[in-house]
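Okay, handing you the structure first.
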Amino acid sequence: MLKKNNLLFGVLAALIFPTIAWLIAGLLANNVYLINKPAMPYFVAIALNLVLIRISFTKGADKTARGTMLTTFAVMVLVFILKTHPIR
């Protein structure tokens, strides 16, 4: 899975879980109320990305881990901003 060790691969790998969370949140937005926490799928995706960072560092793929870390923190900031100040 983590054979490549470059920044772009890390960024692309880190976008997988937030994209899945965005799709799930979009599908369930009108049907299910997720424990009064509308950002919960995104926080689960961020937690999964942190596991991906840990695996990357363990395998010695430092550049991939840095790309994953960069994207994870960017997604965290984006989720925080959009959930506290929604676009109308």
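The values are calculated or read from the model by the stated rules, or taken from the named source; none is laboratory data. Since we're looking at a predicted model, the values are computed, not measured. Note that we place each Cβ from the backbone using ideal geometry, even for glycine, and neighbour counts take in every protein chain shown.
For region 55-88, enumerate the residues that are of a type in the set (Lys, Arg) and surrounded by 12 or more Cβ atoms within 10 Å (Cβ to Cβ).
At the first step, the residues of region 55-88 found to be of a type in the set (Lys, Arg) are 59, 63, 66, 83, 88.
Matches in region 55-88: Lys59, Lys63, Arg66, Lys83.
Go through region 26-81 residue by residue and tally those that are β-branched (Val, Ile, Thr) and modelled with pLDDT under 75. Break it down stepwise before answering.
Kept after step one, since they are β-branched (Val, Ile, Thr), are these residues of region 26-81: 32, 35, 44, 46, 51, 53, 55, 58, 64, 68, 71-72, 75, 77, 79, 81.
Narrowing further to those that are modelled with pLDDT under 75: 32, 35.
Qualifying residue count for the region: 2.
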